[in-house]
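Below is one structure, written out as structure tokens; the observations come after it.
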Protein chains: 2
Amino acid sequence: MSDAGDSRRQDERRFWLYVLDVHAEIYGRLNRAMKAETDISVTKFDALAQLYRYPDGLTMSALSEALRVTNGNVSGLVARLEKDGLAERTMSEQDRRSFTARLTPEGRERFERALAVHDRVLSHCLDPLTEPDLAEALGSLRRLNAGLKITG
Amino acid sequence: MSDAGDSRRQDERRFWLYVLDVHAEIYGRLNRAMKAETDISVTKFDALAQLYRYPDGLTMSALSEALRVTNGNVSGLVARLEKDGLAERTMSEQDRRSFTARLTPEGRERFERALAVHDRVLSHCLDPLTEPDLAEALGSLRRLNAGLKITG
DNA sequence: TTGACTTATTTTACATATAAAATTAATTTC
DNA sequence: GAAATTAATTTTATATGTAAAATAAGTCAA
């Protein structure tokens, strides 16, 4: 008694397994290469990327939203970035509860080098996709992403 | 001075951002729903799924390979599953270094319930994808996945 | 102004992941 | 068969993530 619903479910499971595989494989390669060549993990890279986009800095809350992780997580992450000399935290004058995180000059420099490694490794990973394949995948993922934001 | 390579790189970055977004959003929804309804995280669910496929059990190394995580990680994970009463570990007769992990009856039962939740939530997540969209996405990801395994 | 929220952040307890060292048992080599 | 090597697993130190409680500062209503 198999029907169209079963085949749809099979496709959904397969889709998700591929997303998991692709994510794990590419994330792992990026992480290993960046750690080895620049001593910056993907997590730290993502945080540096946000701070790079906002030269005046971001509050802890804003950074936490941008990275889609909890406030508590960002507390520890920025503390580690400070210890690495890549970022700094300054207390707001207006609101003494609030802290602004921003890149240090060294953070900016290290991020730029990490970005080059990131792009190189990502390019290598996506080599197997032809231009039309990439465009096609981009389209489906874009639609899925838009849909996810709507369906809540 | 922009050329075809720049646009390719832009597409690669966009593709990766979508993979990250889709992964984080769906993984988060699965994790929250399964924890709330069955008290089983996605990590534990994945481990239970492997043990479910192999009723005779898997060695710690085999499980670690199947899950694509380190041996040390699986040590702790199986210990937590044991504490939950979902799995058990028995020492091999032939090789006293080796341990076989397998599901308990309760583990089997709880996994089946978690699978239903998993499928329901995943279906809801992928609702925005039409059948052709899903097939298309599946095709691109399959090609990328195959490619990743070759390029090493 | 004081008492009740709300907001920004950190802390705590825990789960999940890695890499590298340690442990313990099996295997090979001489 | 003792010594060296290999193999299976665990332990340790650390990074990364969550949820929930704690802290501390701002806001607002009475």
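The values are calculated or read from the model by the stated rules, or taken from the named source; none is laboratory data. Quick caveat, the model's predicted, so the values are computed rather than measured. We place every Cβ from the backbone using ideal geometry, glycine too, and count neighbours over all the protein chains shown. In case anyone asks, the SASA skips ligands and DNA or RNA and just uses the protein heavy atoms, side chains included. Shrake-Rupley method; radii C 1.70, N 1.55, O 1.52, S 1.80 Å.
Quick rundown of the values:
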quantity	calculated
Failed item, numbered, when B:SER64 is tested on (1) surrounded by fewer than 17 Cβ atoms within 10 Å (Cβ to Cβ); (2) assigned to a helix (DSSP H, G or I)	(1)
Output for the range B:27-48, where each listed residue is among the hydroxyl-bearing types (Ser, Thr, Tyr), within 15 Å of B:ASP119 (Cα to Cα) and within 13 Å of DNA strand D (Cβ to nearest atom)	B:TYR27, B:SER41
Subset of the range B:14-27 [open to solvent by 40 Å² or more (accessible area, probe 1.4 Å) and facing another protein chain (nearest Cβ under 7 Å)]	B:ARG14, B:TYR18, B:ASP21, B:ALA24, B:GLU25
B:GLU88 of a type outside the set (Ser, Thr, Tyr), outside any helix (DSSP H, G or I), away from DNA strand C (no atom under 12 Å from the Cβ) and farther than 30 Å from B:ASP21 by Cα	yes
Within the range A:34-45, tally of residues that are more than 11 Å from DNA strand C (Cβ to nearest atom) and either of a type in the set (Lys, Arg) or within 13 Å of chain B (Cβ to nearest Cβ) (or both)	4
Selection count, the range B:136-145, where residues are at the interface with another protein chain (Cβ under 7 Å from one of its Cβ atoms) and out of contact with any Leu (no Cβ under 8 Å at 6 or more places or on another chain)	5
Members of the range A:28-51 found to be hydroxyl-bearing (Ser, Thr, Tyr) and surrounded by fewer than 16 Cβ atoms within 10 Å (Cβ to Cβ), listed by number	A:THR43
Breaking point among (1) over 30 Å from B:PRO132 (Cα atoms); (2) part of a helix (DSSP H, G or I), for A:GLU136	(1)
Qualifying residue in the range B:113-132 (condition: farther than 23 Å from A:ARG13 by Cβ, of a type in the set (A, V, I, L, M), within 16 Å of DNA strand C (Cβ to nearest atom) and assigned to a helix (DSSP H, G or I))	no
Flag if A:VAL78 is within 11 Å of DNA strand D (Cβ to nearest atom) and either charged (D, E, K, R) or surrounded by 16 or more Cβ atoms within 10 Å (Cβ to Cβ) (or both)	yes
Residue within the range A:69-83 that is more than 17 Å from the chain's Cα centre (by Cα) and β-branched (Val, Ile, Thr) present	no
So B:THR100, is it within 12 Å of DNA strand C (Cβ to nearest atom) and of a type in the set (Val, Ile, Thr)	no
Within the range A:85-114, tally of residues that are within 14 Å of DNA strand D (Cβ to nearest atom) and surrounded by fewer than 15 Cβ atoms within 10 Å (Cβ to Cβ)	9
Residues being of a type outside the set (Ser, Thr, Tyr) and either within 13 Å of DNA strand C (Cβ to nearest atom) or touching a residue at least 12 places away in the same chain (Cβ under 8 Å) (or both) - total across the range A:1-33	11
Per-region count, the range B:52-61, residues part of a helix (DSSP H, G or I) and either under 30 Å from A:ALA137 (Cα atoms) or open to solvent by 70 Å² or more (accessible area, probe 1.4 Å) (or both)	2
Pairs with Cβ under 7 Å, 6+ apart, first in the range A:35-53 and closer than 16 Å to A:LEU77 by Cβ, second among the polar types (S, T, N, Q) and part of a helix (DSSP H, G or I)	A:SER41/A:ASN31; A:VAL42/A:ASN31
